[in-house]
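Taking it in order: structure first as C-alpha cells, then the write-up.
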Amino acid sequence: MPVKSVTVRVPAKVNLQLSVGPKEADGYHNLVSVFQAISIFDDITIKLGEPGSGLTISISGDQTHGVPADANNLAAKAVSLISKEYDLTVDAHIEIKKSIPVAGGMAGGSADAAGTILGIDYLYSLDMTREEMIEIASKIGSDVPFMLSGGTAIGTGHGDQLTAALSRGTYHWVLALSTVGLSTPAVYAECDRLRGELEIVEPQTHEGLMQALLGADAPGVGAALVNDLQLAACSLRPAIRLVLDVGQEYGALGAIVSGSGPTVAFLVADQDSGLDLAVALTSSGVVGSVAQAYGPVAGAKVIATN
Ligand code: C5P
C-alpha cells in the first residue's frame, strides 16, 4: 500500500564555536561554525491530500508563538524548491509539532525545513541523494544542511559547507530559554556595528575545541566554547549577560549564547548537576524557562509512516 503520511523527527542545535569573519559583498559572513545536534526535537508530519488541495501548514506543540503557517514558513520554502526541481505538485498538509524554541538561535525553523525535505522525499518516493537534499537545504538557509546530518559537524562558508567533526562522549546541556526571540539578521548587523572599522580576520577552526571533543573532555569543551555573536546578542538584549552570570556562578563547565541567541546554553558535567543548575536558574528569576538536553544526537529521521 502506498504511504499516505510520514513523520520526521528533527533535533535542535547549539553552536560550540561560532566564529564570524568580515561581512562579504553578498551581505553574508564567512563562518566557522561547530554544530552539535541536541535532544530537543520538532516532529514534522506530512499527510497526502486530495489532488488539487495544495499545501497547508499547521503548527502545534509548546513553541508556536510567531511561527508562520503560510508560505513564509521554511517548510513551505522547502516544498516550493523541491516542486520546482522535481516538477512535482504537492497536495499535502504539514503539521509541525514544535518543541524547539522559536527565534532562539537553535535552528528551529531550519529543522522544520530539513524535516520537510526528508518527508517529501519519502512520501513522493523521489529517491533524492544526500547531495541533492543538501543542495536544496543550503538554498533555504545556512543551518538547514546540518539539521539533515546531525551529530557534530564543522560548517564553513556561510556555515552550510559541512565536514563531520570527530567527537567522543555525550555532553549534557541546560538551556535558558527566552519568551521573546532575537532576529538573526539583526544580531549579525549589531555584530558589524560593534566591530566598526576593526580589521576582522578570516575565521579558523578552534583546535583546542577539536582536541577536547576528540578526548570526550567536557571541561575542555566548556572552556573552549566561543561565539562571536554573543557580544551583539547581549548588546541587543542586556538581560542575557545576567543569565550567563548565574550559570557560571552555579558551576557550569561553560556558558554560551546559542547561535544568534537569545537562548543561553550551559554545558554541565552530568544530568544531576544539570538539574541543580536548572533549579538555580529558575529560582534566580532571570530566566523565562529552562530545558535539559544532551548531544550529539542524529539529524532528521523518519520515525513513523502510515
Ligand atoms: O542563512 P540564513 O537565512 O539562516 O541567514 C539568516 C541571516 O543571518 C542572513 O540574512 C544574514 O543576515 C545572516 N547571516 C550572515 N552570514 C552567514 C549566515 C547568516 O550574515 N554566514
Answer from ASP43, ASP62 - the residue that is among the acidic types (Asp, Glu), under 30 Å from SER167 (Cβ atoms), at pLDDT 95 or above and away from the ligand (no atom under 16 Å from the Cβ): ASP43
Total residues in the range 233-251, condition under 14 Å from VAL290 (Cα atoms) and either polar (S, T, N, Q) or at pLDDT 95 or above (or both): 3
Per-region count, the range 170-183, residues surrounded by fewer than 20 Cβ atoms within 10 Å (Cβ to Cβ) and in contact with a Leu (Cβ under 8 Å, 6 or more places away or on another chain): 0
Subset of the range 93-116 [buried (at least 22 other Cβ atoms within 10 Å of the Cβ) and over 20 Å from ILE38 (Cα atoms)]: ILE94
Qualifying position, being among the aromatic types (Phe, Trp, Tyr) and touching a residue at least 60 places away in the same chain (Cβ under 8 Å), among TYR28, TYR86: TYR28
Qualifying residue in the range 18-40 (condition: away from the ligand (no atom under 16 Å from the Cβ) and surrounded by fewer than 21 Cβ atoms within 10 Å (Cβ to Cβ)): yes
Residue in the range 153-168 that is free of Cβ contacts under 8 Å to residues at least 40 places away in the same chain, in a loop (DSSP other than H, G, I, E, B) and either touching a strand residue (DSSP E or B) at 6+ places or on another chain (Cβ under 7 Å) or away from the ligand (no atom under 16 Å from the Cβ) (or both) present: no
Count - residues of the range 184-205 that are open to solvent by less than 70 Å² (accessible area, probe 1.4 Å), away from the ligand (no atom under 13 Å from the Cβ) and not polar (S, T, N, Q): 1
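Take ALA137 and tell me if it is open to solvent by less than 30 Å² (accessible area, probe 1.4 Å), touching a residue at least 24 places away in the same chain (Cβ under 8 Å), within 16 Å of the ligand (Cβ to nearest atom) and closer than 23 Å to GLY254 by Cβ.
The answer is no for ALA137.
The values are calculated or read from the model by the stated rules, or taken from the named source; none is laboratory data. Every value quoted in this text rests on a predicted model; they were computed, and no experiment measured them. Here the Cβ is made from the backbone with ideal geometry for all residues, glycine too, and neighbour counts use every protein chain on show. When the accessible area is computed, the model is the full protein with side chains, heavy atoms only, and any ligands, DNA or RNA have been set aside. Shrake-Rupley method; radii C 1.70, N 1.55, O 1.52, S 1.80 Å.
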